[in-house]
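**Q** One structure is given below, represented as structure tokens, and several questions about it will come after.
Values in this text are rule-based calculations from the coordinates and carry no lab data. As the structure is a prediction and not an experimental result, all values here were calculated from the model. A quick note on method: Cβ atoms are made from the backbone with ideal geometry, for glycine too, and the neighbour counts reach across all protein chains shown.
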Amino acid sequence: MQPNQRRPERASPEDLDAVYRREGPKLTRYFRSRVRENDEAADLVQEAFARLAGFMARSPLSQPAPYLQRIARNLLFDRSKSQERRLAPFRVQFGEGVDPGVAPEQTLQIEAGDVMRVYRRALGELPDKTRDVFLLHRVEELTYKDIAHRLGLSIPTVQYHVARALSHIDAALERE
């Protein structure tokens, strides 16, 4: 320091009080618009002014408002980084092919249940003879020849009813 220069004066508590009265309400609104809880906003205002007071005790500020705004932004940034670190173990990556709501086995069971409901409804919509032929073939696993013999039909007629049932069920599944 040169001999004829005056050493800058340190900020007095009155200076800090004046800054608080002028900037405190603005800073409170700033934090309230960015955090969920009012108590948290008040804590952040207090922290910002504590940091400002620490700086002003070491070095005077001619315009403390911009410095206080920078402190406020840094506090919010630090807060968000802290929350990210704290919540990192609980984060689930969402991406293509990920369905976090339901386990894969459950999904398959749900889908199979949906398909069976559509299947049963489609069977109920079939004419009686077509349904009977289809069930004899698919459930009882009879051959076309055995079905024809049991119901007194020709083999081409059995084939027709099975094809008609399959077509109807396929169309019902496509609609869903």
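**Q** For Leu108 and Ala171, compute 0.36 nm times the residue count separating them, minus their Cα-Cα distance, and round to one decimal in nm.
**A** 20.5 nm
**Q** Say a paramagnetic label sat at a point 7 Å from the Cα of Leu87, along Cα to Cβ; which residues of region 28-54 have their backbone N under 18 Å from it?
**A** 32-41
**Q** Would you order Leu27, Leu68, Leu142 from fewest to most other beta-carbon atoms within 10 Å of each residue's own beta-carbon?
**A** The fewest-first ordering by Cβ neighbours comes to Leu142, Leu27, Leu68.
**Q** What is the calculated FRET efficiency for Ala57 to Arg29, with r their C-beta to C-beta distance and R₀ = 35 Å, to the nearest 0.05?
**A** In this case the efficiency is close to 0.85.
**Q** Still on this structure, please answer the following. Give the cross-link partners of Lys129 among the lysines, using a straight C-alpha distance below 24 Å as the criterion and excluding same-chain residues fewer than 8 apart.
**A** Those lysines meeting the cut-off are Lys145.
**Q** Also, quick follow-up: Subtract the Cα-Cα distance of Leu151 and Asp128 from 0.36 nm times their separation in residues, and report this length gain in nm to one decimal.
**A** Full extension from Leu151 to Asp128 adds 7.0 nm.
**Q** Could you list Ile169, Ile147 so that the one with the fewest beta carbons within 10 Å of its beta carbon is first and the one with the most is last?
**A** Ile169, Ile147
**Q** Using the 10 angstrom Cβ neighbour count as an exposure proxy, how do Met56, Met116 rank, fewest first?
**A** Fewest-to-most ranking of Met56, Met116: Met116, Met56.
**Q** For region 47-66 and region 117-134, write down the distance between their C-alpha centroids in whole Å.
**A** 82
**Q** Extension gain Leu16-Met116, at 0.36 nm per residue separation less the Cα-Cα distance, in nm?
**A** 28.6 nm
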